[in-house]
Amino acid sequence: MIGERLEEARKRKGVSVREAAEATKIRGDFLLAMEDNSFEIDLPQIYVRGFLKNYARFLKLDPVKILTDYDAHQLGRTQQEAHNLRVANEKESLGHVELKLEDEPSDGPQHPANERVVVTEAPEEDGPEPELHFSLDKDRGTGGTVQSPPPPTLEREGTRHDQESWNENKTLYMKIGIVFSGILLVSIILIVLIQLLKGDDTPEINPDLAPTQTTSLPATPTSTVTSGQDTIIVTASDNVTLIVEQTIDRKRLYSGSLNAGETLSLDKEGPVSIRFTNGSAVTIEKNGQQFRPGQPGVGRTVVE
C-alpha cells in the first residue's frame, strides 16, 4: 500500500513526522493521514496530489509511481462505492409475486377475473427479522395477465475520479494562461524601457519657438567682408547641440553636438542661422572678433 511505503521510507530516512512536516511545509496530520492510507483530506484533489508528490520526493521515492498507485487506489475505491450503492438500491427495491386465481364456481353468471397477490418485503434493518406483508388485489373485468413493473435501474454517473481529473486540468490551464499573461506584460515593459533608453535626451530645437537674434560684428578698420565666402569658428565651453544653415539657400552646413572644448570651423556664403541648445556654452568667431549669443538656453542667432 502507499501509506506503508511512505512510512517505511520515512523511518529508513531517520526523520520524524514533525521533521518531515517542517521540511516539506506540509501539515503533520496530513502526512499521518497519507501514511495511514487515509486520503480523505478536506482539500481539492490538486492539493492532495501535490502533497503526495512532494512527500515522495522528500523520501527519495518515485513520485510518478506513487501518483499512479494513488490513482489506481482512488479508482478502486470509486468502483467499490458504486457497487455498494447498487447493492443498497437492490435491497430497497420491492419484490412482487403474482398468483393468478380463478373465481369459485357460483350459480350466477361467470365473469373472467384476475386476482393478484403481492408479497412485499420490508428493507433490511438492524433489529428483528423482516416481516412479510400480504395484500390481495382483485381485478374483475377483462381477463389477462397483470404485468409486474420493471425492476429499478441504477443510473450511471461520472465517477469522482473523472471529476477530479477535470478540475486538475482546468487549474493547470488557468496557470498556463497566467504565465503567458505575465510574459506578455514583462515583454511590453521591456520594450517601453528600451525605447526610453534609446531616446535622445538632448532637447529638440524648435526654430519656431526659439527667439531669433541677429548679431552684427563690429566694424573692422582694416577690412570689411561684404560678399563672397568667409569662415566662422564656433567653440563650445560645454556640451551643446548645433544646427547651422545658410539663409540664402537653406543649405545645412552642420548638424550635431559639440563637447566641451571642441571647435567647429565652417565656410559660409552670406548670412548663416545658428540654432543651439545652450547659448551660454557657445562662442562664435568671425574675422578675429568673438561674441556670444544673447540667449543662455535654447535659441537662435544669425551671423552676417
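The values are calculated or read from the model by the stated rules, or taken from the named source; none is laboratory data. If you're wondering where the values come from, they're calculated on a predicted model, not measured in any experiment. Cβ coordinates were reconstructed from backbone atoms using ideal geometry, including for glycine residues, and neighbour counts include every protein chain displayed.
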Among residues of the stretch 31-50 being part of a loop (DSSP other than H, G, I, E, B) and among the acidic types (Asp, Glu), the residue nearest to residue 175 (Cα to Cα) is 42
For the stretch 26-48: of the residues being farther than 20 Å from residue 4 by Cα and touching a residue at least 24 places away in the same chain (Cβ under 8 Å), which is surrounded by the fewest Cβ atoms within 10 Å (Cβ to Cβ)?
44
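Checking the structure you have, find out if any residue of the stretch 129-145 is touching a His at 6+ places or on another chain (Cβ under 8 Å) and either part of a strand (DSSP E or B) or at pLDDT 50 or above (or both).
We begin by selecting, within the stretch 129-145, every residue touching a His at 6+ places or on another chain (Cβ under 8 Å); these are 140-141.
Next cut, either part of a strand (DSSP E or B) or at pLDDT 50 or above (or both) only: 140.
Yes, the stretch 129-145 has at least one match.
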Of the conditions (1) in contact with a Phe, Trp or Tyr (Cβ under 7 Å, 6 or more places away or on another chain); (2) at pLDDT below 90; (3) not in a helix (DSSP H, G or I), residue 26 fails just one. Which one is it?
(2)
Search result, residues across the stretch 251-279 that are at pLDDT below 90 and either closer than 14 Å to residue 300 by Cβ or of a type in the set (Ser, Thr, Tyr) (or both)
278, 279
Those residues of the stretch 229-250 which are more than 17 Å from residue 290 (Cα to Cα) and over 57 Å from the mean Cα position of the chain (by Cα), in sequence order
229, 246, 247, 248, 249, 250
Just checking, does the stretch 174-195 include any residue being modelled with pLDDT under 90, outside any helix (DSSP H, G or I) and out of contact with any Phe, Trp or Tyr (no Cβ under 8 Å at 6 or more places or on another chain)?
no
Any chance you could count how many residues in the stretch 277-299 are over 20 Å from residue 230 (Cβ atoms) and not polar (S, T, N, Q)?
7
Only one of these is closer than 21 Å to residue 167 by Cα and assigned by TED's automatic domain parsing to the domain that holds residue 17: 62, 71. Name it.
71
Pairs, please: C-beta under 7 Å, at least 6 apart or cross-chain, first residue free of Cβ contacts under 8 Å to residues at least 24 places away in the same chain and in the stretch 265-288, second in a strand (DSSP E or B)?
279/299
